[in-house]
Amino acid sequence: IPEDQADKLLLASWGLPKAVLEKYHSLGVVQMFEWQAECLMLGQVLEGKNLVYSAPTSAGKTLVAELLILKRVLETRKKALLILPFVSVAKEKKCYLQ
């Protein structure tokens, strides 16, 4: 990320509602990794274009997906479908995203 866009690492820079930021902050998530911010800044991803990305387990892929989904749902007032690989992960995300 160029130095003049270093603020993009902070979740607060992405226009999320205060309640969403507070939830992430309560879980210790205040900023992203550089690669996560780069994903969000690619092309027209924030306008709904496709994004394919890959990272190791526990690297933070889900945060990128959550932020994309949250922004689109809040901005378009449409529903989103999040598909997860395991029931346990789905239950965890259900509680987390409520």
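The values are calculated or read from the model by the stated rules, or taken from the named source; none is laboratory data. All values reported here derive from a predicted model rather than from experimental measurement. As a convention, Cβ positions derive from the backbone with ideal geometry for all residues, glycine included, and neighbour counts pool all protein chains shown.
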Filter segment 27-78 down to the residues that are free of Cβ contacts under 8 Å to residues at least 12 places away in the same chain and acidic (Asp, Glu), then identify the one that is surrounded by the fewest Cβ atoms within 10 Å (Cβ to Cβ).
GLU47
Note on ILE83: of the conditions (1) of a type outside the set (Phe, Trp, Tyr); (2) modelled with pLDDT under 90; (3) surrounded by 14 or more Cβ atoms within 10 Å (Cβ to Cβ), unmet is (3)
For the list (1) farther than 17 Å from LYS93 by Cβ; (2) surrounded by 12 or more Cβ atoms within 10 Å (Cβ to Cβ); (3) acidic (Asp, Glu); (4) out of contact with any Gly (no Cβ under 9 Å at 6 or more places or on another chain), I need the number of the one condition that GLU22 fails.
(2)
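Just to check your reading of the model, which residue among TYR24, TYR53 is in contact with a helix residue (DSSP H, G or I) (Cβ under 8 Å, 6 or more places away or on another chain) and within 20 Å of LEU97 (Cα to Cα)?
Numbers: TYR53 fails: within 20 Å of LEU97 (Cα to Cα).
Checking each option against the conditions leaves just TYR24.
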Extreme residue, modelled with the lowest pLDDT, among residues of segment 1-23 that are among the small types (Gly, Ala, Ser) and in a helix (DSSP H, G or I):
ALA6
